[in-house]
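Data block below; observations after.
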Amino acid sequence: MDSYEKLINDAKSENVQPNDGTKKMKKAITSSKWRLILTTITVALLIVPTGYMITFFYYAFGTKSTTLMDVASNTLYLTEPNTTLEELEFNMDFSLFSMDLGFQQYKQIGDEVYPAKNYHLKFVFNDLVEKEIDSKLEKAYPKNPTQTNQWLVHPNNEMDFNSNDEWRVLSGLPDETVVEAYLSLNDLYTVDDVEKEMNGVDVIWAAIYSGVEDNLLSSNGVLVSPIGYPVQPDSTYWSPFRGSVSHEATFLEMLKGLVPYEPIAEEVSPHKNLELPERIAYLEGNGFKTYGVVVTGPKKNIEALKESDMIRALKVGEVKLWSWKH
Amino acid sequence: MELETLKQDIFRWAGWISIVMGLLVLAVINISLLSGYDLLITGDLSAIVIVGFLLGTFAAVPKHSRQLGLWGVLLSLYTGFFTVVIFFLGWTISPFP
């Protein structure tokens, strides 16, 4: 081999080295490029499932989903006259950091139970951010409560409606109807006394005096909602009053249970303020007296109550065709 | 030398495939969660998770492809953990059938 051939061979072997290096470098660049892309995709794809797991952990171990459901249902039992809820009508859906709760509220009119309102509540964690109510009622309770627009009125408070007009409306109804009536009393009575007085009708719900209903203002001047409890024995599996020996005791227990969740209860309720601690203290010190009740029964039997000395005013609620089986 | 390179490539490819399978399952989970439709991690998807896990474990043996293998294994484990958490906590937080 002459020196020229040797030079050519050396040059060739030198050329091979950089080619190999370039190839390896290209491979390394491609590999790290893919690693970067897949790392980014991995992180992006982990966000939603991790968010869901956080959501599920929160509703299992933080503010429990069942607690929010109980707060919503108990609030309605205590603040909405003549309310009952069905367990199987509850619909619960979970999405990222939020929970949707849907359920139906019922009313007893005569001997039948009718759907009254559909509720759809959306919670982000434990904050109620959306509330949709679809009412099926013909006579809707005032949406924005004031001191005087309630249908159950304390003896010392004024009322917006004309009770004589309501009695006239009642007398004009056909005899074959059953009626839901809101009866305001002229004094404070025990629920037992009221039940004894109301013959031929079912006393469904009693508004309980908790020291603030004279003018519906709390001690710090805030407009509060009326509260009360269902009077009839409730065998519905879901009801907090199921198997209750004393509805008064269950009522007080429910009020105490709502205290830690009062802001949520106030958002769920159509009435904006509950002021529970002040009212619980009054009830514990003074007992349970009612100033107004919701009754249902045949139109004629309710009309007969006009003669009762106990009744101050009447407001006619829902009216349905005959369903009285007593 | 050539055989050694081929072996290295096989492990490396096993790692990459394991990662892609893990990401594919995660993508389906994301679509399911965001669309609101129940696409249960059963049948084909659980098979993909298992194959991804096995490939990842295989790739994690040699040092040069260990990182890729572990990545694939962790994705499969995450999917399994997610499924267990959602299934059991789902029973706890929703008392209705």
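Some points to look at:
- Charged side chains reduced to their Cβ positions (Lys and Arg at +1, Asp and Glu at -1) give the protein assembly as shown a dipole of some 2400 debye around its Cα centre.
- Region B:43-97 - Rg (one decimal) and Dmax (whole number), Cα, Å: 14.8, 50
- A Förster radius of 51 Å combined with the Cβ-Cβ distance from A:K300 to A:V222 puts the calculated FRET efficiency at roughly 0.75.
- Rounded to the nearest 0.05, the FRET efficiency derived from the C-beta distance between A:E130 and A:S246 at R0 = 41 Å is 0.65.
- If you plug the beta carbon distance of A:N286 and A:S308 into 1/(1 + (r/R0)^6) with R0 = 25 Å, you get a FRET efficiency near 0.50.
- Subtracting the Cα-Cα distance of B:S46 and B:V61 from their residue separation scaled by 0.36 nm leaves 3.1 nm.
- Student exercise, region A:81-154 dipole from Lys, Arg, Asp, Glu Cβ charges, in Debye to nearest 20: 400 debye
- Sites listed here are trypsin sites (Lys or Arg not before Pro) in region A:218-326 whose DSSP assignment is loop and whose Cβ has at most 12 other Cβ atoms within 10 Å: A:R242, A:K325.
- Region A:124-204: GluC sites (Glu not before Pro) falling in loop per DSSP and having at most 10 other Cβ within 10 Å: A:E138, A:E158
- Relative contact order of region B:43-97, defined on C-alpha pairs under 8 angstrom at six or more residues apart (%): 27 percent
- Proximal aspartates and glutamates relative to B:K63, as straight alpha-carbon distance under 20 Å, when same-chain residues fewer than 8 apart are discounted: B:E2, B:E4, B:D9
- When the protein assembly as shown is described by a simple charge dipole with +1 on each Lys and Arg Cβ and -1 on each Asp and Glu Cβ, the residue from A:V178, A:G317, A:N9 located farthest towards its positive end is A:N9.
- Isotropically averaged projected area of the protein assembly as shown, using the convex hull of Cα atoms (one quarter of hull area), nm²: 30.8 nm²
- Centre-to-centre, using Cα atoms only, region A:221-254 and region A:51-114 are separated by 16 Å.
- Two-site label geometry, A:D10 and A:N186: point separation in nm, points 7 Å out along Cα→Cβ: 12.9 nm
- For region B:15-97, chymotrypsin sites (Phe, Trp or Tyr not before Pro) meeting the loop criterion (DSSP other than H, G, I, E, B) and having at most 10 other Cβ atoms within 10 Å: B:Y37.
- Counting Cβ atoms of other protein chains within 10 Å of each residue's Cβ and taking the mean over peptide A:64-74 gives 1.
- Each listed q (0.10, 0.18 Å⁻¹) maps to a log10 I(q)/I(0) for chain B from the Debye sum over equal C-alpha point scatterers, namely -0.33, -0.79.
- Model label sites at B:L34 and A:W322, defined 7 Å from Cα along the beta-carbon direction, differ in position by 6.2 nm.
Taken together, the values in this text are just the output of simple stated rules run on the coordinates, not laboratory data. Everything numeric here is computed off the predicted structure, so don't read it as measured data. Reconstructed Cβ throughout: ideal geometry from the backbone, glycine too, with neighbour counts over all protein chains shown.
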